[in-house]
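The values are calculated or read from the model by the stated rules, or taken from the named source; none is laboratory data. Computed from a prediction, not measured in an experiment: that's the story for all the values here. Ligands, DNA and RNA are stripped out before the accessible areas are found, and what is left, the full protein with its side chains, is counted by its heavy atoms. Shrake-Rupley method; radii C 1.70, N 1.55, O 1.52, S 1.80 Å.
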Amino acid sequence: MAIRNIRTDEDPILRKISKEVNDINDRMKTLISDMFETMDYSNGVGLAAPQVGILRRIITLDDQDGLRGAFINPKIIEKDGEQVGPEGCLSVPGKQGTVNRANHIVVTYMDENGEEKTLEAEGFTARIFQHEIDHLNGILYTDLATEIHNIQDEDDEVEE
């Protein structure tokens, strides 16, 4: 396992459409393992393969409420409701934006064993899925945000 470099918003790879995964081989499993390690190291709740420079339709997610997994070739097949809220992104450091997303979604995907699965998500978890799947299509949350703000990095705070 290894921590990979996260590509930032000026990197053109983030604007490309990722290719479907047809074979879950050892290379893909290593990528998934590295994505989890990179996501955790960076305190993220989700990570898409293009963010580490790989144009494959893979995301990792940890909603910090019990759902943690790798989702291969994820597709949103149903969405409804609305939520407006803040989003940040490991590829857009130091910024946060307000984004309108569906509140409830149904996702089909393949797990690491190649099994086709379906999952329903709502609220924060639905937001993470939509954000990460957008990455697979070359879309950043900054393209959708109604407003974007600079945020202070925790490391810049003065400790007393």
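What to note about this one:
- In the chain, helices alone account for a calculated mean residue ellipticity at 222 nm of -6500 deg cm²/dmol, with every DSSP H run of four or more residues adding -39,500 (n - 2.57).
- Gaussian network model of the chain, springs between alpha carbon atoms under 10 Å - residue of Ile105, Ile54, Ile72 with greatest fluctuation: Ile54
- Percentage relative contact order, the range 74-131, counting C-alpha pairs under 8 Å, at least six apart: 34
- Shape of the range 29-121, Cα gyration tensor, a/c cut at 1.5: oblate
- Compared with the alpha-carbon gap, the fully stretched path from Asp65 to Glu115 is longer by 15.7 nm at 0.36 nm per residue.
- Relative contact order (percent, whole number), the range 12-155, Cα cutoff 8 Å, 6+ residue spacing: 26
- Between Ile13 and Glu122, full extension at 0.36 nm per residue minus the direct alpha carbon distance yields a gain of 36.3 nm.
- The solvent-accessible area of Thr142, taken with every protein chain present and a 1.4 Å probe, is close to 40 Å².
- Built amide H within the under 5 Å cut-off of Gly46, gap 5+: Asp62
- Surface listing: Glu116, Glu37, Glu87 arranged by accessible area from highest to lowest gives Glu116, Glu37, Glu87, probe 1.4 Å.
- Ordered by solvent-accessible area of protein heavy atoms (1.4 Å probe), largest first, the residues Met35, Met110, Met1 come out as Met1, Met110, Met35.
- Structure-derived percent of Cα pairs over 24 Å apart: which label, when the choices are (1) 57; (2) 36; (3) 30: (3)
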